[in-house]
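Novice: One structure coming up, written as structure tokens, with questions to follow.
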Number of protein chains: 2
Amino acid sequence: MSEKSTLADRLRENLAEQIVSGELRPGTRLDEIELATRFGMSRTPVREAFKALAGMGLVEQRPHRGVVVALPTRRRMEEMFEVMAEIEATCARLAAIRMTGPERRFLEQAHLQSLGIVRTGDMQGYASFNNDFHDIIYRASKNSFLEETARAVRRRVLPFRVSQFRVVGRLSSSHAEHDQVVQAILRGDGAAAEAAMRAHVAKVTVASVDFVEEHRPGQPLMPQHWPDDTPAIRQNP
Amino acid sequence: MSEKSTLADRLRENLAEQIVSGELRPGTRLDEIELATRFGMSRTPVREAFKALAGMGLVEQRPHRGVVVALPTRRRMEEMFEVMAEIEATCARLAAIRMTGPERRFLEQAHLQSLGIVRTGDMQGYASFNNDFHDIIYRASKNSFLEETARAVRRRVLPFRVSQFRVVGRLSSSHAEHDQVVQAILRGDGAAAEAAMRAHVAKVTVASVDFVEEHRPGQPLMPQHWPDDTPAIRQNP
DNA sequence: GATGATTTGTACGTATGTATA
DNA sequence: ATATACATACGTACAAATCAT
């Protein structure tokens with residue numbers, strides 16, 4: 001029974017999961033009292049979970065005005081994807097240099113198997129594999145801090161790419177892009193792996209940003225819950 | 001009067017500043033009650049500040065065991081510096097491509113002026129300029145999210161490079177490395193700027209890691225306050 | 001290994017600031 | 001514009017876990 005830790009920490013993980021999975025849409029207001037009653041706890045651990053989430057950038061908090069799930073502007077989303085691309089490209093370059101023989105064979109194996117998923121057109125399944133694929137490359141960088149940084153950025157970007165594989169033909173082109181990355185890594189070509197990964201993430205950017213813009217809640221590019229332009233408290237300034 | 005915000009937020013900023021400046025040494029235990037009495041507040045805002053700091057990775061928190069200023073292992077420090085190098089290198093490449101004419105002239109100007117500081121041997125002054133120099137390049141990437149990411153990583157690394165300029169001759173060699181970066185940026189050579197910046201940060205790594213290792217508190221490479229090897233709760237896993 | 005002291009985690013009440021009529 | 005309603009921020013009390021003996 002590894003049911004340990006504190007209420008605040010468990011709630012934080014729970015909310016983070018819901019935000020990343022898209023269950024809690026960006027812009028959604030999080031109510032202390034409602035969450036406290038819903039999860040059967042007092043408001044204290046809820047507030048502590050909020051602070052931790054704000055520190056991670058998953059929510060934005062303004063004094064006396066509550067907490068909303070982070071809803072970046074279009075400009076900022078593009079910036080986030082650019083950072084994602086650069087970090088993943090770095091991971092790919094280091095992976096190409098540092099992976100061991102068995103690790104390379106494992107990556108190739110996983111990549112080959114994913115072709116089966118592409119053929120069935122299973123978008124859900126491919127999304128899951130895609131997560132694994134990128135995780136493998138994070139780890140292959142042999143730098144756990146880089147790995148964590150990559151995952152932290154991905155967490156903040158994921159809410160906005162939930163549906164990227166709904167775009168027609170995206171599955172097979174994603175696989176083709178993966179192939180470029182994998183081949184470069186297999187032959188130990190760091191520069192090529194970096195370039196291929198950067199190009200791959202760039203494609204996701206276009207698909208995702210456009211998709212989100214079409215479905216953006218509210219007319220203006222600002223969260224509808226914050227009518228004025230008072231800047232939010234940025235805990236990672 | 002911009003004396004606003006909450007007690008928890010102000011305390012968070014205060015502690016973050018003290019951690020980054022080295023006033024609060026890595027491994028130092030933070031006591032809820034002591035801080036509360038010292039700052040004239042109750043434990044509640046202190047605990048909320050702790051959660052936010054943990055979310056940023058500046059402190060580590062373990063259930064029922066309190067909070068200590070983050071004290072990475074040597075391995076992890078090297079990883080952090082590698083990430084710092086990669087992110088700063090990315091900033092430099094983008095800066096070389098994206099800076100406007102006036103911005104380039106401003107960078108050149110600041111760089112030239114720093115030569116005066118080098119000549120006087122004013123380590124304090126050069127450290128301050130160095131911060132500005134890197135900040136300029138973060139901003140010049142024209143990506144505010146990248147800028148914030150770079151600063152977030154730097155915040156976590158800074159406690160371990162306080163004294164880098166104490167090493168003899170480090171001032172002028174740092175200036176020479178800056179020169180490589182500046183010249184590459186001025187001629188718009190992204191690849192060269194990236195390489196020069198990566199090399200520059202790499203040098204800081206060696207100086208800093210060695211310095212910290214010599215002054216590391218406690219014999220083993222683990223914080224002396226955590227005698228067992230129970231893993232800390234990583235809020236940015 | 002048990003017990004008391006200390007510290008952290010949670011509940012709840014009240015005050016203060018924000019939004020709404 | 002003022003007052004009222006409401007959510008958040010903070011303080012205090014208590015419970016639970018850790019540590020020191």
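The values are calculated or read from the model by the stated rules, or taken from the named source; none is laboratory data. Keep in mind the model is a prediction, meaning the values are calculated, not measured. A quick note on method: Cβ atoms are made from the backbone with ideal geometry, for glycine too, and the neighbour counts reach across all protein chains shown.
Novice: Given the residues B:Leu53, B:Leu58, which is the only one that is in contact (Cβ under 8 Å) with a residue 40 or more places away in the chain, under 22 Å from B:Thr205 (Cβ atoms) and not assigned by TED's automatic domain parsing to the domain that holds B:Ala199? Give the steps one after another, and end with the answer.
Specialist: Details: B:Leu53 fails: under 22 Å from B:Thr205 (Cβ atoms).
Exactly one residue qualifies, and that residue is B:Leu58.
Novice: Among the residues of segment B:172-219, count how many are modelled with pLDDT under 95 and either more than 19 Å from the chain's Cα centre (by Cα) or of a type in the set (Val, Ile, Thr) (or both).
Specialist: 12
Novice: Another question, if that's okay. Could you list, in sequence order, all residues of segment A:1-32 that are within 10 Å of DNA strand C (Cβ to nearest atom) and free of Cβ contacts under 8 Å to residues at least 12 places away in the same chain?
Specialist: Of everything in segment A:1-32, those that are within 10 Å of DNA strand C (Cβ to nearest atom) and free of Cβ contacts under 8 Å to residues at least 12 places away in the same chain turn out to be A:Ser5, A:Arg10.
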